[in-house]
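The values are calculated or read from the model by the stated rules, or taken from the named source; none is laboratory data. Since the model is a prediction, treat every value here as computed from it, not as a measurement. Side chains are part of the model used for accessible areas, which takes the heavy atoms of the whole protein and leaves out ligands, DNA and RNA. Shrake-Rupley method; radii C 1.70, N 1.55, O 1.52, S 1.80 Å.
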Amino acid sequence: MQSSMRLYAAGAALLAVFLFSGLDALVKATTYGTPLAMVVFLRYAAGLIFSSGSAAAQGQLRPGWPTIRRAFGRSLAGLSCAALFFGALKLLPLAQTVALTFTSPFFMVLISAAMIGDPVTRRSLLAAAFGFLGVVVMLAEKLSAEAGSPLGFAMALSSAVAYALSMIMSRRDTVHDSVPQMILVQNFISAVVALPFAVYWYQPIAGETLLMFLAIGALGTGGNYAITWAYKHAPATLLGPFEFTALIWAVTFGMVFFGEIPSVYTLIGAAIIICACLVVVQPNATSARPKPDDACP
C-alpha cells in the first residue's frame, strides 16, 4: 500500500471521528427537553434525507428486496444502539459515555466468533478482561462518590453490545450490498420503527432544535462515508486506534458546551480500555474490525 494512500485514509478516519463526535455533542444538547423517542426518530429521519440524496446521486435509490431483508436485523441492532447511547448521554457526561462505549471491540470479538466463526484467542480474551478493568475503575467512582448514574452506565455498555452486533452484521452484508444502499435502507427502517414511539411521546420542538437535527443527519452521513472510504483503502489494524481520538473531542466538547470536567476515574478507566483495545486491533488479533455503517454515532 502506498504511503500517501495510508496518509489519506488516516486523515479520512480522523475526519470521521471528528464528525461523529460533533454528532454526539449535538445529540446530547437535543436530549435536554426533548423526549428520547423523538431524538432517536429525528436522528434517523434527518439521516434519511441526506442518505437519500447521496444514494440518488450515485444512482442507487432503489434497493432490491434482498438488500431490504438483510437490513432488518442490522437496523434493529443499530436502533437499539442509538436509543441506549442517547439515553446514556442524557444521564452521563459526554466523555464518560464515549469512554464506556470503547468496550465495543471486545463484544465484537465474541459476537463475530458466534456469528461468522472468527476464532477467539487467549490474547483477545486477556485484552477483554483488561479492558473491563477500565470499566470497573469508572464504576469505582460511582461506588465511592455517588458520581454518575447506574442506569447510564448500564445503557452505555448495552449500547456497546448493540453497536458490536450491528457492526458484525454490517461486515456480513457488505459482501452483498453497496454502502449507499445499506445506509439508505437502515435509516429508512430505523425511522419507520421509531416513528410510533415518537408520535406517542410527541411534544412541540423549537425551530432551532430541528435545525440541529438536520446538522446531525449531515454529520452522520458525512462521517459514515469518510470512515467507509478509510476502511476501503487501509487495514483496520492501522485505522482502529484513530477511533480513540473521539475521547479527545468528547472531553473538549463536554468542557466547552456542557461545562463537564472529566474525573481522574474517567481518564484512568478510559486509558485502560484504550490500551486493551489496541491489543485487540493489532495484527494477529482475533479479527479485523468490520467496516462501520450508519448504525450508531
Protein accessible area in the range 175-251, 1.4 Å probe - carbon and sulfur %: 75
Potential extension, residue 14-residue 252 segment - 0.36 nm per residue separation minus Cα distance: 84.1 nm
With DNA, RNA and ligands ignored, accessible area of residue 49 (1.4 Å probe; Å², nearest 10): 100
